[in-house]
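The values are calculated or read from the model by the stated rules, or taken from the named source; none is laboratory data. Keep in mind that what you see is a predicted model, and the values were worked out from it rather than measured. Positions of Cβ are backbone-derived with ideal geometry, glycine not excepted, and every protein chain shown enters the neighbour counts. For accessibility, only protein heavy atoms count, side chains too; no ligands or nucleic acids. Shrake-Rupley method; radii C 1.70, N 1.55, O 1.52, S 1.80 Å.
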Amino acid sequence: MITGSTRLAGVIGYPARYSLSPALHNAAYVAMNQDIVYVALPVVNDIRTAVEAVRAFDMVGVSVTVPHKAAVIPYLDEISPVASKLNSVNTIVNRNGRLEGYSTDGTGFIEALSVAEFTVEASRCVVIGAGGAARAVVAALGEAEAGDIAILNRTVGKAEQTADIAARARVGGVDDIASADLVINTTPVGMGDTSNETPIDTSAISSRHLVVDIIYHPIRTALLQQAKSRGARIMNGLPMLVHQAALQIEIWTGQKPPIDTMFAALESDS
Ligand code: ATR
C-alpha cells in the first residue's frame with residue numbers, strides 16, 4: 001500500500017509510456033517488502049530539472065533510458081568508471097542528496113549470459129552494431145575476459161571507435177562468424193519495419209553458437225528464428241533487461257531482488 005513514507009523511484013526517458021521497467025521494478029519491490037513505488041517519468045528536454053527533482057523529492061533514484069543516458073551526466077555528483085568510459089548512465093542513486101551514476105547494461109548482459117551457462121572467459125565473440133548498446137556489451141565482454149571480440153558494423157569508423165573500448169576488441173568481418181562462440185545483435189534490425197530482416201547472413205550459424213539478440217519486441221526476431229533452425233542456442237533481450245534492472249535494485253536497496261518474480265511480471269504485463 002502507498003503511504004506517507006513510501007519512496008519514489010522511476011525511469012527518465014522519452015517516450016516512457018511503453019517501458020517495461022515499472023512492471024519489473026514494482027513486482028520486485030512488492031516481493032522484497034520494499035516501500036518503494038516506481039513510475040515512468042517522461043522527460044523530453046529539461047534534463048537538469050528532472051535530475052534535480054531526484055534530490056528535491058528525496059527519490060530512491062531513477063533509471064535513465066533513451067535518449068538521456070549521456071545528457072544526465074553533467075548534473076551528477078559522481079559517476080562510476082564504467083559509466084565514465086561509456087559516457088552513459090542508466091542508473092542514478094540518491095545517497096542523502098548526493099547523486100551517483102552507474103551503467104548496469106553491460107553487467108546485466110554478462111549476468112544474463114551466466115544464467116544461460118555461457119562462459120565468457122576466453123570465448124570468441126561477434127558483436128553486430130557499434131552504438132551505445134554495443135559499447136556497453138563490448139566493455140563488459142572485455143571486463144569478463146572474452147578471448148576475442150570482433151565488431152561488425154555498417155559504418156566501419158564507428159566499429160573502430162567501439163573497438164577502442166576493450167583491449168581484445170577489433171573491427172571484424174563476416175568471416176569471423178563461423179568460428180565464434182557467441183554472436184550478439186545490438187542493432188535495431190529485426191524490429192518494426194525490419195521485422196523480416198536479419199542484421200547478418202545467418203548461413204554461418206550452427207550448433208556451436210549462442211546467438212543473442214538484445215531486441216525483445218518481437219520476442220523472437222528473424223535472426224533468432226533462423227539461428228534456432230540452424231541448431232544454435234538463442235536468447236532474446238529480456239534476460240538482459242531483467243538483469244540490468246535487478247542490478248539497479250541492488251544498488252538502490254542493497255538487496256538482490258527475486259529474478260523469477262521479475263520474469264513473471266513481464267509475462268503478465270505482455
Ligand atoms: P543504441 O545506442 O541503442 O545502441 P544507436 O547508437 O543508434 O543505438 O546504434 C545503432 C547501431 O545499429 C549502429 O551501429 C548502427 O549502424 P551505423 O553505425 O552504421 O549507423 C546500427 N544500425 C542501425 N540500423 C541499421 C541497419 N538498418 N542496418 C545495419 N545496421 C544498422
- line: Packing-ranked peptide list from 167-175, 135-143, highest mean Cβ count within 10 angstrom first, is 135-143, 167-175
statement: For the chain, the percent of accessible surface on carbon and sulfur atoms (probe 1.4 angstrom, ligands and nucleic acids excluded) is 50 percent
- request: Out of all DSSP beta bridges with both ends in the range 70-169, state the antiparallel percent to the nearest 5.
  value: 40 percent
- request: Report the extension gain between Glu267 and Tyr18 in nm, rounded to one decimal, defined as 0.36 nm multiplied by the number of residues separating them, less their alpha carbon distance.
  value: 88.2 nm
task: Per DSSP H run of n ≥ 4, the term is -39500 (n - 2.57); total these for the chain, divide by its residue number, and report the mean residue ellipticity at 222 nm rounded to 500 deg cm²/dmol.
output: -10500 deg cm²/dmol
- request: Could you do me a favour and compute the accessible area per residue for the chain, 1.4 Å probe, result in Å²?
  value: 47 Å²
message: Under 14 Å between alpha carbons, and skipping anything fewer than 8 positions from Lys85 in its own chain: which aspartates and glutamates qualify?
response: Asp105, Glu143, Asp164
- prompt: What residue among Thr107, Thr91, Thr253 shows peak mean-square fluctuation when the chain is described by a Gaussian network model with Cα springs under 10 Å?
  reply: Thr253
- line: Once the dipole of the chain is set up from charges on Cβ (+1 Lys and Arg, -1 Asp and Glu), the residue from the list Tyr75, Ser268, Gly4 lying farthest towards its positive end is Tyr75
- line: Taking 35-46, 187-198 and ranking on average Cβ neighbours within 10 Å, highest first, one gets 35-46, 187-198
- request: Evaluate E = 1/(1 + (r/R0)^6) for Thr3 and Ser84, where r is the Cβ-Cβ distance and R0 equals 30 Å; express this FRET efficiency to the nearest 0.05.
  value: 0.20
Ordering of 69-79, 240-250 by packing [mean C-beta count within 10 Å, highest first]: 240-250, 69-79
task: Return the inverse of the average 1/r over all pairs of distinct C-alpha atoms in the chain, which is the Kirkwood hydrodynamic radius, in Å to one decimal.
output: 19.1 Å
field: Potential lengthening between Ala122 and Gln255 on full extension [0.36 nm per residue; Cα-Cα distance subtracted]
entry: 44.8 nm
query: Considering only DSSP states other than H, G, I, E and B, which chymotrypsin sites (Phe, Trp or Tyr not before Pro) in the range 202-270 qualify as loop sites with at most 12 other Cβ atoms within 10 Å?
result: none
- request: With only Lys, Arg, Asp and Glu charged, each at its Cβ (+1 for the first two, -1 for the last two), find how big the charge dipole of the range 1-113 is about the Cα centre; round to the nearest 20 debye.
  value: 120 debye
